[in-house]
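Reading through the structure tokens given below for one structure.
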Amino acid sequence: MTNASQDLQRILDSAQRLGVELDEEEAIQWLTAMAATQAHDDIVVDVKTGVFGHRVSMLDFSPQDLAYFRQVGRLVEFDNVPGQVETALALSGSAAQSKIQTYPGDCDYFERINIIAGTREEACDILARILRQKALDTLHGVTHQFIEAKFGNYPFDMVRGETFCKKGSPIAWSAADIRAGAIEGTTPDGEPARFTWDDVKGEPGWCKLDWVVADTVRGQLANASNMLDVTWEAPDGSITPLDGYLDSYFQEVYLEAESVPIFSKLVRHMSANALDDYIAQLEHEVEKYVGRSPNYGKAAKRMYNIFRLTGRYEEAAFIRELFDEPEALLYQGRALARTIEEAVTPGSQIPLKSVLSQMDDLIIAVVRVLEGEKEEAVVRQLLRLRDALTRQEASGELSPAVEAAQAELNNLVNNLFYRRLTGVPTIKDYMDRFIAPA
């Protein structure tokens, strides 16, 4: 028996012991496909659907919900402006891994925005204008509700309400902030403080927009986000990331083949160490989620991406099955609890019946998955949340119900993934690397 066969057998034995339904034939097919990626081009285009991406990422993408993702994409995407703005929209996160994640959480998008301008200052002006206009154009509708935009960094220490915002940290702009074009608060000494959208546009930093979207056909709610990687193309053809870093492409699935030229132009400027940098970034997040802020579901997602890109295919094959287990629905439910609260904020036009419908689906799913005291505890919190929704309490009163439901789901999800992950010795050894000794 080869070393690879022995490794796979150990994973299969662990899966059986832990009650994970890992199909040996399917696992071998996936492992064979992963091994084959090493001998082919980095990027592959699916001619039938028009999507493209890194060959490893494409193995986990299913076109089943492609029409839906493209529909939501029309809400979150930025328009091309000939000779000035070029864009390439992609799915990321669980949405890009729809073949293995039976219960995906959010609709995560990633968009490359290349701005052609004479100077960096002009590029920043254009970004500030199109980003603010995008938010204003999509504040609310029957199928969506804007949540916030990340744009710029705090120019000084500031207190907003009861929150201390450190100089240099990303700024979260609410709908009201964006309408006003300014944020007001106080200095740590209590003096009035204020800055405008234009005051921070010179260093846009981490740019991201978030919405709640309602799929009226399937009766589902989800968070939709668009993470932007913005570059400036100078007259000499040089490409400069406006946040100082050109993001890698190892997890994205791009939605339109027409984006290949802009994608190809940008990735030519990527660092030769892009893969190593990406792995290091993921490992930093693993360290956070198994140590400082335990969240073993998120840790599992990061480790899956690490393992499939670093040749640890047997461990990756095990983790990919965890997201197809019925209990993985609880991972989605945790995010849904917060999504529901955001969908019923004052001014939202999302029909309450859409919110209640998905709440009912979640309760039924929990009943199917859990049993005994765990089922009673989670269902009790979810029913309290549903009651709060039915009475449409103010968000300040709704938050405790949401937090209680989230706490129950967080605990269950963490215990589920921790038990399964640490049940495989090689994965446990990997996680132990990131846990500081007591």
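For the reader, a short list of remarks on this structure follows.
- Long-range amide H partners of Tyr109 with built H, under 5 Å: Ser92, Ser225, Asn226, Met227
- Taking label positions 7 Å along the Cα-Cβ direction at both Gln133 and Ser174, the computed distance is 2.7 nm, reported to one decimal.
- Taken about its Cα centre, the chain carries a charge dipole of roughly 340 debye when the Cβ of each Lys and Arg holds +1 and the Cβ of each Asp and Glu holds -1.
- Within the accessible surface of the chain, defined with a 1.4 Å probe on protein heavy atoms only, the carbon and sulfur portion equals 49 percent.
- Stokes-Einstein diffusion coefficient of region 244-340, Kirkwood radius over Cα pairs, 10 °C, 1.306 mPa s, in µm²/s: 102
- Straight Cα distances below 15 angstrom link Lys167 to the aspartates and glutamates Asp157, Glu184, Asp189, Asp199, Glu203, with same-chain residues fewer than 8 positions distant left out.
- The label-point distance for Glu203 and Ile435, in a model that sets each label 7 Å from Cα toward Cβ, rounds to 3.8 nm.
- log₁₀ of I(q)/I(0) at q = 0.20 Å⁻¹ - region 181-290, Debye sum with one point per alpha carbon: -1.22
- Working note: 222 nm ellipticity from helices only, DSSP H runs with n ≥ 4, each -39,500 (n - 2.57), summed and divided by the residues of the chain, gives -14500 deg cm²/dmol to the nearest 500.
- Overall dimensions of the chain by Cα: Rg and Dmax, Å: 22.6, 72
- Under the Karplus curve 6.51 cos²θ - 1.76 cosθ + 1.60, θ = phi - 60°, whole-Hz ³J(HN,Hα) for region 64-75, x wherever Gly or Pro sits: 4, 9, 4, 4, 5, 5, 5, 5, 5, x, 5, 6
- Potential lengthening of the chain between Gln281 and Glu25 amounts to 88.9 nm, from the contour at 0.36 nm per residue minus the alpha-carbon distance.
- Solvent exposure of region 107-253 as accessible area per residue, Å², 1.4 Å probe: 42
- Across the chain, Cα pairs under 8 Å and at least six residues apart give a relative contact order of 18 percent.
- For Thr187 and Asp243, a Förster radius of 30 Å and the Cβ-Cβ distance give a FRET efficiency of 0.70, rounded to the nearest 0.05.
- Excluding same-chain neighbours fewer than eight residues apart, the lysines reachable from Lys301 by a Cα-Cα span under 29 Å are Lys48, Lys99, Lys150, Lys208, Lys288, Lys374, Lys428.
- Among the chymotrypsin sites (Phe, Trp or Tyr not before Pro) within region 64-127, not one is in coil by DSSP while having at most 12 neighbouring Cβ atoms inside 10 Å.
- Potential lengthening between Gln71 and Lys167 on full extension [0.36 nm per residue; Cα-Cα distance subtracted]: 30.8 nm
- Using only side-chain charges placed at the Cβ, +1 for Lys and Arg and -1 for Asp and Glu, the dipole size of region 73-232 relative to its Cα centre rounds to 340 debye.
- From phi via Karplus (6.51, -1.76, 1.60), per-residue ³J(HN,Hα) for region 259-267 in Hz, x at Gly/Pro: 7, 4, x, 5, 4, 4, 4, 6, 6
The values are calculated or read from the model by the stated rules, or taken from the named source; none is laboratory data. Just so you know, these numbers come straight off a predicted model, no measurement behind them. Using ideal geometry, Cβ is built from the backbone for each residue, glycine included, and neighbour counts are taken over all protein chains shown. These accessible areas exclude ligands, DNA and RNA; they are computed on the full protein's heavy atoms, side chains included. Shrake-Rupley method; radii C 1.70, N 1.55, O 1.52, S 1.80 Å.
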